[in-house]
1. What does the charge count around residue 150 come to, taking other residues whose C-beta lies under 13 Å from its C-beta (Lys +1, Arg +1, Asp -1, Glu -1)?
2. At 1.4 Å probe size, with every protein chain present, just tell me what the per residue accessible area of the chain comes to in Å².
3. Kirkwood hydrodynamic radius, the chain, all distinct C-alpha pairs: what's the number in Å?
4. So, with a 1.4 angstrom probe, what is the percent of accessible area on the chain that is carbon and sulfur?
5. Helix-only estimate, please: 222 nm mean residue ellipticity of the chain, summing -39500 (n - 2.57) across DSSP H runs of length 4 or more and dividing by its residues, to the nearest 500.
6. Taking amide H positions as placed 1.01 Å from N in the peptide plane, with prolines and chain starts having none, which residues 5 or more places from residue 81, or on another chain, fall under 5 Å of its amide H?
7. Could you tell me which helices of the chain pass both thresholds, a Cα extent of 20 Å or more along their own axis and a mean Kyte-Doolittle hydropathy of at least 1.0, with helices taken as whole DSSP H runs?
8. Take residue 211, project a point 7 Å from its Cα along the Cβ direction, then tell me which residues of the range 102-116 have their backbone nitrogen under 19 Å from it.
Amino acid sequence: MSPEVLSTPVVDTAKAPDRAHSRARAARRRKAVVTASRVLLLVAVLALWEALSRAEVIDPFNFSMPTKIWDQIHTWVTHGTALGSLGEQIWYTLYEALLGWIIGVVAGVVCGIALGRITFLADILGPYIKVLNSIPRIVLAPIFVIWFGLGPASKVASAVVLVFFPVFFNAFQGAREVDRNLVANARILGASDRRVTLQVVVPSATSWIFTSLHVSFGFALIGAIVGEYIGATKGIGLLVAQSQGTFNAAGVYAAMVILAVVALVAEGLLTFAERRIFRWKPSGSDS
């Protein structure tokens, strides 16, 4: 009886680079198609808006039109606004939003991790946090103006309360979802509660926290804008209020476009930072 010969399948390593190149080309093609589709969609919407406004199918006084909005932005860039240069207004709003975002993120992460790690503390403060979260936080903006005045402090406070809760709940959930085996192994190796929190819990919750950062910066901008709209000495929100007061629809939309650009730039920076930190994490799809 002849012994059976086990054959090992041979992998053609010469074809592996070709497959990798094919996947890379397909990914580049898909990214180009997605980008082109986005641009075409934007152009189509703007063209339709312009056509409907010029044909007076929609009221051009209330809805304005893209060309007038562009003219308004161009005027603000070249000649400034009634409040000063456009760059100064953008920086003032961005300063308030950034400061409120940083304070809200730090407070949300610290409180979320603390309550996620200390069950007794979470049981005591949980009902109060739920009550505070149920309050419409936009209505707090007028109160902050009364408390802190028309300066940046009231806008920073508005941004903080909008940022805090989404970051807090994500950090809290991230701390609760930590692999218990990792915590147990760290304790077996003699790690203290402080080291377990800093070296096991916080790194494990980082992806949860970063998820909330993308949303929370938009909330910070909303807080700053609403505060400026209610009462301020400068900023994009005050530009919106002044444009509305003079029935300048193009000015309102122009301020919204500027805010959208600022938010997109911030989102791009956050995405870049996230990809640098989570290099090990496979991306779901190209965007």
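1. 0
2. On the way: 17770 Å² over 287 residues.
Here the per-residue accessible area is 62 Å².
3. Details: mean 1/r = 0.0434 Å⁻¹.
Kirkwood radius, the chain: 23.0 Å.
4. Working: 12110 of 17770 Å².
For the chain, the apolar C and S fraction of the accessible surface comes to 68 percent.
5. Working: 12 runs with 221 residues, N = 287.
Computed mean residue ellipticity for the chain: -26000 deg cm²/dmol.
6. Those qualifying (amide H under 5 Å, at least 5 residues apart or on another chain) are 86.
7. Values: long enough: 15-54 (58 Å, 0.05); 86-117 (46 Å, 1.23); 119-134 (22 Å, 0.84); 152-176 (35 Å, 1.09); 202-230 (40 Å, 1.23); 249-277 (42 Å, 1.57).
Qualifying helices, which must be both long enough and hydrophobic enough, are 86-117, 152-176, 202-230, 249-277.
8. 105-106, 108-116
The values are calculated or read from the model by the stated rules, or taken from the named source; none is laboratory data. If you're wondering where the values come from, they're calculated on a predicted model, not measured in any experiment. In this analysis, Cβ positions are derived from the backbone assuming ideal geometry, glycine residues included, and neighbour counts consider all displayed protein chains. Just the protein is used for accessible areas: all its heavy atoms, side chains included, with ligands, DNA and RNA removed. Shrake-Rupley method; radii C 1.70, N 1.55, O 1.52, S 1.80 Å.
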